[in-house]
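A quick write-up on the structure given underneath.
The values are calculated or read from the model by the stated rules, or taken from the named source; none is laboratory data. Worth saying up front: this structure is predicted, and the values here are computed from it rather than measured. Backbone-built Cβ (ideal geometry, glycine too); neighbour counts: all protein chains shown. Heads up: the accessible areas ignore ligands, DNA and RNA and are worked out on the full protein's heavy atoms, side chains in. Shrake-Rupley method; radii C 1.70, N 1.55, O 1.52, S 1.80 Å.
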Amino acid sequence: MNRATSVGQHTLRSGWHGLAQPGRGVSRIPRPTDCAGRPCHSAAAIAFFLPSLRRRGRGRFFLQSEASLWSNPPVSPLRKGGKILFTFVKGGTENAHALHTAGSFRVMNRFFIAGQPCTAIAAIILFLCIAACDRKPSANKTAPPPTDAPSWFTDITAESGITFTHFAGETGQYFYPEIMGSGCALFDYDNDGDLDAYFINGCPHHDGLLAPDAAVTNQLFRREPDGTYTNVTANSGLNDTGFGMGVAVGDTDNDGDLDVYVTNVGLNIFYRNNGDGTFTDDTTAAGFDDSAVQQWSASAAFFDFDRDGDLDLYVTNYLNYDAKKSCRDKAGAPDYCGPLAFEGASDRLYRNDGDGTFTDITDESGIGVARGRGLGVVCADFNDDGRPDVFVANDGEANLLWIKRDDGTFADHAVSMGVAFNMMGRSEASMGIALGDVDNDHRLDLLCTHLHSESNTLYLGQGSAGFEDATGASGLGAASMDTTGFGAGFLDADHDGDLDLFLVNGRVKRGTPRIADHLSRFWQAYAEPDLFFINEGDAHFHNATSQAAEMCDKPFVGRGLAIGDIDRDGDIDILVSNDAGPAKLFRNDTPRKGRWLVVEPIVAPGRTPAIGAVVTVTFGKQSLRRDIRSASSYLSANDPAAHFGLGDHGKVDTIRIVWPDGATESFVGVAADQYVQPIKGQGSQAK
Amino acid sequence: MRLSKQFQSKSSEPRTSVRADFPDIKTASRHTRTEFALNAIIFATLVATTGGCRPQPPPQTTATVPSPDTSTAQPAVVQKINDARQAVESSPESAEQWGKLGMVLLAHGHNREAVPAFEEARKRAPDDYRWPHLVSMAYPKSETVAIESALQDAVRINPKFSPSRLALAEHLIRNGQPDAAAEQYTAVLETNPKNPHALLGLGQLNLQKGKIKKAYEVLQKARVAAPAYKEVYAALSRACRRLKRTEEAATLAERAKALTPRSHTSDDPLIHAYQAEAVDASTLSQRGTDLVAIGQSEQGIALLRRAAQIDPETVSILRALGAGLTRAGRLDEALPVLENARRLAPDRPRVLIDLGVAMTQLNRLDEALEIFERIRTIDPRHAAAWYNTGTVLARQSRLTDAIDAFENYVTLNPGDPKTHLNLAALHDALNQPLEAIRQCEQAIKYEPHRLDGYTQLARLHVKLNQWPEAKQALQQAAERMPDNPAIADLLDQLAAARTAAQSAQNPPAANNNANRADHPDRR
């Protein structure tokens, strides 16, 4: 038997007759060794090419070991695991400065003792000179918050009556779902014209087994006319007791009210809206029963992938969790596992059959071929072919971009379209997603939130050519390197016509505990402050966290984020769900740089929100694009309305809508500062 | 006196008041003059030693030895850190000891405490590039100025140490300075024109600037330099898409997905050095696995055994040890370790895979097959289980079943050339050379710089008496791998084989065609 000589995989050589030595590989053709280094045309060499001289059917087989196929990619220890710091005081510099100071005072004393005022003055000057020279440039510090200026976002949680606190159920056993948190939703469940709030909750567990408790449920809060919220969970039917993760909202039966899909660690639940403020668990009847393949699902999105007028559903599955597996940090202390400790899972695609039922078409659609560790999902037309596609944020591996093909199936084009990896070609721990046109070029741009030591990544859309990683140029790179991002949302906070960015942060590995008295000692080690960025135009962002201090300063283990205009005053407010902490509601009080318009395209007869529609408003020489989308961020559902900051413009000239089925209509312009609801079929046809 | 004039002119006090209090040198008493002179000397000395307003290095004072919180750490880690701290306390002047402490702290996740240790080492050995390089890894990533300064320092001290330049380039990209990053990559290439990381970086930067053709050229060089570099294939795929070569883009994307990632940090000896200080079980396990993977089996197994002693109930460590022993051919030792892992986690596919591999190596093929089938029952989409099933079936001469298994693997995990080569061999064995050729071509498509694809293809062509095609396959290999001396040998061998075959058989051309027409694949 010939020896394989190169290093590589486990190798079976010479067909199926025996194993090569492990660690030996393939690819070098054996050469006769008796030819003193010269090319040798001996019979042995000739035999290689002449089948008549070889036994037929010889080949090479590579036995693939787990290590070679599924082993975790080599990562820098700085990127994974262990204790990683957030704030750092330059102790060395400060010490040095203190020594300089002490030394200078001694010099001064000497001069004064000598009774020489002139030398004393000289010493003062010398001291000042040394003190000035010793200053080192501070590293990338943001300006301190203006103490007298009000925060651009005001915490109105307490006054609003939202009392939800997420239950993670930490037992010290580091049950992985504990650290992943849950999502939230802003949607009008009772059709009274304002946004209600829904929170997904964890559940008690022990030894890796869930122990649901009727007292620990998801919670629904109804917005009252006076702006407060009332907990209406008990009568709503939305009180699932599973270990909840995410929520998707959409009118699946086109009856004008919004249905809800809740993802869990285990069975997911579909709630049909009864139209009277209550919901019915319709999971089995609707065809969503996944009890046979119970998985850990994360984000979900309703979208009309086949453009037949009803909403289909995409569900991301995270990984095949084994609670018996334990993990440790770099110092050997127990901590939560990372995603690569487990195998990924296939996502699911359900087709709405139009009769109140759904069919699982995961395999026939092509979605089933890929397995990933999906956490976030957004649906939109990413390659400008008019068909809806799906982007999935995978944790610790290549993201997926499912492009819809002519035959109705999907194919993953994430690598060639430049969104699978970051600019350096590296997989990142993608979790949350923000989607919007940040450079106002009418192409969608994507932002994925990541682990600390990885920046969040901004992919600028280039149309059918794909995306370019513009993180460095955008100013978002270094600013997010020391936080772990989850929820993310683009919103035009100041109405200047470009999309700003809010990021919800919280660690997944233990770090230096934050000063956060509102959290237990355990969770302080995972808490982080949030971040807010103002778009300065052309997709360059300025860190404005200090201006939004009330929203960002207090560290939590942030996870879900939903945005919407809760008080219908024309600006976008923010709802945050924190892992093992209280939910937070922030009112947008950002000084306005302009006027606004909110467009809510609807489809008659049910007045169903046109999820997937693209709205373009034109005013003067400007035009802006916003999409009608609920699912984005992390595990959360936003109000899908299209919000436009118009700058100084008092009206828009036209509103152009590309409906989910591809039809395009134009509507006449309207005055600024109002909500408008264009109805499909009532506009004029447009190209 | 000049000094006094200077002093007066720079004083913020009104000149008159200064004059009023300042003694006139000419009229001062002898005692006053002496004291004034003394003060002037002291003052001048001070100015000279401080150097005016130039930035000064901090004085050679000893920093406090960092003391991280080790309350939850494993005893071995605590011991390691304490030893490193004591070494510093014994030799506080030693940059090496400070640096070692920094490395130990960094290896165990105490980055914050590692910073002052490295900075102290840097201060005491300002010409040692290791400390600025390592401190750049310990700083929080938001400390962009400090990181850049440290990396610039490392580059200045040792301009030929490419990991510092590569890290600096990446840092600059992240902070929106692509042109400065390109300079670093170019500098690396001046030293080593085939550095794949620098070529990749330059390619990425060209892609970002919209210089797509240039990017493609550079990335092709990177591909030749490192044929299994996932990130290069991903970037090439993007370039092809931008060049509207969609089919090529799709092929490259599939290949990228099938490869494991490789970072420039994997070639950084300083990272390996600090990682070697780690003594926690999981890091020992990881390092042991890495060593086994690069062929240093004995050292790797020793580390894995240490890890298993620290953490005897952790399945992943037992699995790593078992796999390492298997790879080293120590199957009798591997089997009980893997069986123990299976006892702790009976349905964990990764454990079962390694156990199956060990069984296969022991030629216990039926048991191996059973294990791989068990994995597929747990997870029908487990690609590795399909692959290994194919391998075992092939060894059992169940060739058609093996083809099915490998086909399933390809469906789940496209872009893997070696699976296509396996399929080629199986089809060849089943006397289906045309299908075998197709599989070889698939393998070459996914990895054009892999020699065995061409040689297998050439051999298949020879089998069909297609000598020109065989030569063409090897010539194609030569074009794509001009630096590979083996190809010229192979071409010589092929020519010799052809001569031998012709002299032995002297087949007429018509027969060739007839053979081809009669071939089962043709029919």
**Asked** Can you tell me the Rg and the Dmax, both Å, for the Cα atoms in region A:550-602?
**Response** 13.3, 39
**Cα gyration tensor shape for region B:240-329, rounded if a/c is under 1.5, else prolate or oblate** = prolate
**Prompt:** Quick one: if you stick a label point 7 Å off each Cα along the C-beta vector at A:Asp553 and B:Glu313, how many nm between them?
**Reply:** 4.6 nm
**Item:** Highest to lowest packing among B:410-416, A:472-478, scored as the average C-beta count within 10 Å
**Value:** A:472-478, B:410-416
**Prompt:** How large, in Å, is region B:326-470 by the Kirkwood hydrodynamic radius built from its alpha-carbon pairs?
**Reply:** 16.2 Å
**Cα-Cα over 31 Å, subset of A:Lys680/B:Lys209; A:Lys584/B:Lys257; A:Lys593/B:Lys211; A:Lys404/B:Lys257; A:Lys404/A:Lys621; A:Lys554/B:Lys80** = A:Lys680/B:Lys209; A:Lys584/B:Lys257; A:Lys593/B:Lys211; A:Lys404/A:Lys621; A:Lys554/B:Lys80
**Prompt:** How would you order B:339-350, A:635-646 from highest to lowest mean count of nearby Cβ atoms within 10 Å?
**Reply:** A:635-646, B:339-350
**Item:** Cα→Cβ-extended label distance, 7 Å offset, between B:Gln475 and A:Ser520, nm
**Value:** 7.4 nm
**Prompt:** Between chains A and B, what is the buried accessible area in Å², counting both sides, with a 1.4 Å probe and ligands, DNA and RNA left out, to the nearest 100?
**Reply:** 11400 Å²
**Message:** Let's test the formula: R0 of 30 Å, r as the Cβ-Cβ distance of B:Arg374 and A:Glu364. What FRET efficiency results, to the nearest 0.05?
**Reply:** 0.60
**Message:** Counting C-alpha atoms alone, how compact is region B:236-283: give Rg to one decimal and Dmax as a whole number, in angstrom.
**Reply:** 17.6, 51
**Prompt:** When ranked by the protection proxy of mean other Cβ atoms within 10 Å per residue, highest first, what sequence do the peptides B:90-96, A:182-188, B:207-213, B:456-462 form?
**Reply:** A:182-188, B:456-462, B:207-213, B:90-96
**Request:** Determine the relative contact order of region B:401-470: mean sequence separation of Cα pairs under 8 Å and six or more apart, normalised by residue count, in whole percent.
**Result:** 25 percent
**Prompt:** Which value results for Rg/Rh of region B:257-409 when Rg is the Cα radius of gyration and Rh the Kirkwood radius based on the inverse mean 1/r?
**Reply:** 1.01
**Prompt:** Of all the accessible heavy-atom surface of region A:554-687, with the other protein chains kept in place and a 1.4 Å probe, what percent is carbon and sulfur?
**Reply:** 51 percent
**Item:** Peptide B:161-172, shielding by other chains (average Cβ, 10 Å cutoff)
**Value:** 1
**Prompt:** From the square roots a ≥ b ≥ c of the eigenvalues of the alpha-carbon gyration tensor of region A:168-294, which class results: rounded (a/c under 1.5), prolate (a/b over b/c), or oblate?
**Reply:** oblate
**Message:** Using Stokes-Einstein with the Kirkwood hydrodynamic radius over Cα pairs, what translational diffusion coefficient do you get for region A:204-357 at 4 °C and a viscosity of 1.567 mPa s, in µm²/s rounded to a whole number?
**Reply:** 75 µm²/s
**Message:** Given an 8 Å cut-off on Cα distances and at least 6 residues of separation, report the relative contact order of region A:152-298 as a percent.
**Reply:** 18 percent
**Request:** Let me know the shape class of region B:355-406, please: from the alpha-carbon gyration tensor, a ≥ b ≥ c as square roots of the eigenvalues, rounded when a/c is under 1.5, otherwise prolate if a/b is greater than b/c, or oblate.
**Result:** oblate
**Complete:** Karplus ³J(HN,Hα) for region B:341-347 (6.51 cos²θ - 1.76 cosθ + 1.60, θ = phi - 60°; Hz, whole; x = Gly/Pro) runs 4, 5, 4, 6, 9, x, 10
**Prompt:** If you average 1/r over every pair of different alpha-carbon atoms in region B:173-212 and take one over that average, what Kirkwood value in Å do you get?
**Reply:** 10.1 Å
**Message:** Can you compute the equivalent ellipsoid semi-axes for region B:131-211, i.e. the square root of 5 times each eigenvalue of the Cα gyration tensor, sorted largest first and rounded to whole Å?
**Reply:** 21, 16, 9
**Message:** What does DSSP give for region A:181-268 in terms of the percent of beta bridges that are antiparallel, rounded to the nearest 5?
**Reply:** 100 percent
**Asked** B:Gln79 versus B:Gln299, label points 7 Å from Cα toward the beta carbon: distance in nm?
**Response** 2.2 nm
